[in-house]
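Novice: Just dropping this structure here.
The values are calculated or read from the model by the stated rules, or taken from the named source; none is laboratory data. Given the structure is predicted, the values throughout are model-derived calculations rather than measurements. No Cβ is skipped: glycine too gets one built from the backbone with ideal geometry, and neighbour counts run over all protein chains shown. Calculation scope for accessible area: heavy atoms of the full protein, side chains included, ligands and nucleic acids excluded. Shrake-Rupley method; radii C 1.70, N 1.55, O 1.52, S 1.80 Å.
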Amino acid sequence: MTLAGKSAIITGSNSGIGLGIARELARAGADVVLNSFTDRDEDHALAAEIGSEFGVSARYIKADMSKGDECRDLITQAGGCDILVNNAGIQHVAPIDEFPVEKWDAIIAINMNSTFHTMAAALPVMRERGWGRIVNIASAHGLTASPFKAAYIAAKHGVVGMSKTVALETAQEPITCNAICPGYVLTPLVEAQIPDTMREYNMSREDVVKNVMLTRQPSKEFATVEQLGSTTVFLCTDAAAQITGTTISVDGGWTAL
Ligand code: NAD
């Protein structure tokens, strides 16, 4: 298995894309640390399921990515970090003159500042172990904008810029740092919106997906969490050793428009 013996930490991984990435890293043989801000039995059970399904060590560690000290503690508590995936993220949609300050602060903290803190804590560990891969989950909104998403777009552009900077700081070491920029991904959160939207617009599922949700995604298909996971695994292989400081779009052509 490609990643056997490597330890991976995936922030915000008790659902959606983070969980998909954790599963694909585990399938490739990596030991995984799952994370979110909750500490429920089901969070720990999720890690245990992944561990037994793929025959790797899998743990869940609670840490709130809105708090810098908890971001750094996550890396310390994990006790090893060869692969760091910064995925935790939230969204809020409002025009800038009505954007709630607390939502702005939370989005910037969780979606961007956490990436600074975890990378700062993980890099010395990677250097000591002589190998490292950092994969930051940005967004098509790290490369383009849409109205009403000022905080999210500022944070995701920040993540893309920070990834390039860290890539330059580690360019002569066996460490890479890249950002993946997904378009719309079919996560449980998105799936749950489909029935309501079908009712609201009196449309078929296919029409809602193509003409409402994926208006800006030329493929008219969602990206999947498995595709995001496999892209992350690829970035962790030797084939990707010279891929650093760049963005990989998994967006069905969105950013080609
Ligand atoms: P999701 O809501 O399913 O997952 C978000 C994860 O972050 C969850 O595990 C949640 O528990 C965790 N999280 C939230 N606040 C946290 C906090 N304070 N501390 C720790 N963890 C926290 O959403 P998703 O769609 O899987 O999104 C994952 C990432 O992918 C986000 O960064 C998002 O911006 C990005 N993204 C998603 C899409 C999409 O279409 N779904 C597209 C582009 C980028």
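Novice: What single numbered condition from (1) within 16 Å of the ligand (Cβ to nearest atom); (2) open to solvent by 10 Å² or more (accessible area, probe 1.4 Å) fails to hold for Ile180?
Specialist: With (1) within 16 Å of the ligand (Cβ to nearest atom); (2) open to solvent by 10 Å² or more (accessible area, probe 1.4 Å) applied to Ile180, the lone miss is (2).
Novice: Please state which of the following conditions Glu226 fails to meet, knowing it meets all the rest: (1) under 25 Å from Arg133 (Cβ atoms); (2) within 18 Å of the chain's Cα centre (by Cα); (3) open to solvent by less than 50 Å² (accessible area, probe 1.4 Å).
Specialist: (3)
Novice: Still on this structure: Assuming His117 fulfils every condition listed in (1) part of a loop (DSSP other than H, G, I, E, B); (2) touching a Lys or Arg at 6+ places or on another chain (Cβ under 7 Å) apart from one, which condition is it?
Specialist: Result: His117 fails condition (1) only.
Novice: Here is a follow-up. Name the pairs whose Cβ atoms lie under 6 Å apart, with the first residue in the stretch 1-23 and closer than 16 Å to Ala122 by Cα, the second of a type in the set (Val, Ile, Thr) and open to solvent by less than 50 Å² (accessible area, probe 1.4 Å), and 6 or more positions between them or separate chains?
Specialist: Lys6/Ile83; Ala8/Val32; Ala8/Ile83; Ile9/Val33; Ile10/Ile21; Ile10/Val85
Novice: Gly68 is checked against (1) surrounded by fewer than 22 Cβ atoms within 10 Å (Cβ to Cβ); (2) away from the ligand (no atom under 14 Å from the Cβ) and fails just one. What number does that condition carry?
Specialist: Going through (1) surrounded by fewer than 22 Cβ atoms within 10 Å (Cβ to Cβ); (2) away from the ligand (no atom under 14 Å from the Cβ) one by one, Gly68 breaks only (2).
Novice: Determine which single condition Met203 fails, assuming it passes every other condition in (1) outside any loop (DSSP other than H, G, I, E, B); (2) more than 30 Å from Glu128 (Cβ to Cβ); (3) aliphatic (A, V, I, L, M); (4) open to solvent by 20 Å² or more (accessible area, probe 1.4 Å).
Specialist: Among (1) outside any loop (DSSP other than H, G, I, E, B); (2) more than 30 Å from Glu128 (Cβ to Cβ); (3) aliphatic (A, V, I, L, M); (4) open to solvent by 20 Å² or more (accessible area, probe 1.4 Å), Met203 violates only (1).
Novice: Inside the stretch 36-60, can you point out the residues that are out of contact with any Asp or Glu (no Cβ under 8 Å at 6 or more places or on another chain), buried (at least 16 other Cβ atoms within 10 Å of the Cβ) and among the hydrophobic types (A, V, I, L, M, F, W, C)?
Specialist: Leu46, Ala47, Ile50, Phe54
Novice: Restricting to the stretch 206-220, count the residues that are within 11 Å of the ligand (Cβ to nearest atom) and in a helix (DSSP H, G or I). So that I can check it myself, show each step before the final result.
Specialist: To start, the set of residues in the stretch 206-220 that are within 11 Å of the ligand (Cβ to nearest atom) comprises 213-214, 217.
Now drop any that are not in a helix (DSSP H, G or I), which leaves 213.
Residues in the stretch 206-220 being within 11 Å of the ligand (Cβ to nearest atom) and in a helix (DSSP H, G or I): 1 in total.
Novice: Here's a follow-up. So how many residues does the stretch 117-132 have that are more than 12 Å from the ligand (Cβ to nearest atom) and within 14 Å of the chain's Cα centre (by Cα)?
Specialist: Within the stretch 117-132, residues that are more than 12 Å from the ligand (Cβ to nearest atom) and within 14 Å of the chain's Cα centre (by Cα) number 1.
Novice: Further, regarding this structure: Taking the criterion of being open to solvent by 20 Å² or more (accessible area, probe 1.4 Å) and touching a His at 6+ places or on another chain (Cβ under 7 Å), would at least one residue in the stretch 112-124 satisfy it? Full working, then the answer.
Specialist: First, pick out the residues of the stretch 112-124 that are open to solvent by 20 Å² or more (accessible area, probe 1.4 Å): 112-113, 116-117, 120-121, 124.
Still in the list and also touching a His at 6+ places or on another chain (Cβ under 7 Å): none.
No, every residue in the stretch 112-124 fails to be open to solvent by 20 Å² or more (accessible area, probe 1.4 Å) and touching a His at 6+ places or on another chain (Cβ under 7 Å).
Novice: While we're on this one: When the stretch 1-27 is examined, which residues are found to be surrounded by 24 or more Cβ atoms within 10 Å (Cβ to Cβ), more than 14 Å from the ligand (Cβ to nearest atom) and not in a helix (DSSP H, G or I)?
Specialist: Ala8
Novice: Does any residue of the stretch 184-200 turn out to be more than 10 Å from the ligand (Cβ to nearest atom), open to solvent by less than 30 Å² (accessible area, probe 1.4 Å), among the aliphatic types (A, V, I, L, M) and modelled with pLDDT of 95 or more?
Specialist: Within the stretch 184-200 (the criterion being more than 10 Å from the ligand (Cβ to nearest atom), open to solvent by less than 30 Å² (accessible area, probe 1.4 Å), among the aliphatic types (A, V, I, L, M) and modelled with pLDDT of 95 or more), the answer is no, since none of the residues qualifies.
Novice: Quick one: count up the residues across the stretch 244-257 that are of a type in the set (A, V, I, L, M, F, W, C) and open to solvent by 50 Å² or more (accessible area, probe 1.4 Å).
Specialist: Number satisfying all stated conditions: 2.
Novice: Then there is this: Identify, from the list Val166, Val135, the residue that is in a helix (DSSP H, G or I) and either within 24 Å of Gly252 (Cα to Cα) or more than 16 Å from the ligand (Cβ to nearest atom) (or both).
Specialist: Among Val166, Val135, only Val166 is in a helix (DSSP H, G or I) and either within 24 Å of Gly252 (Cα to Cα) or more than 16 Å from the ligand (Cβ to nearest atom) (or both).
Novice: Test of understanding: among Gly80, Gly89, which residue is of a type outside the set (A, V, I, L, M), part of a loop (DSSP other than H, G, I, E, B) and within 16 Å of Asn136 (Cβ to Cβ)? Don't jump to the end; show me each part of the working.
Specialist: On the way: Gly80 fails: within 16 Å of Asn136 (Cβ to Cβ).
It is Gly89.
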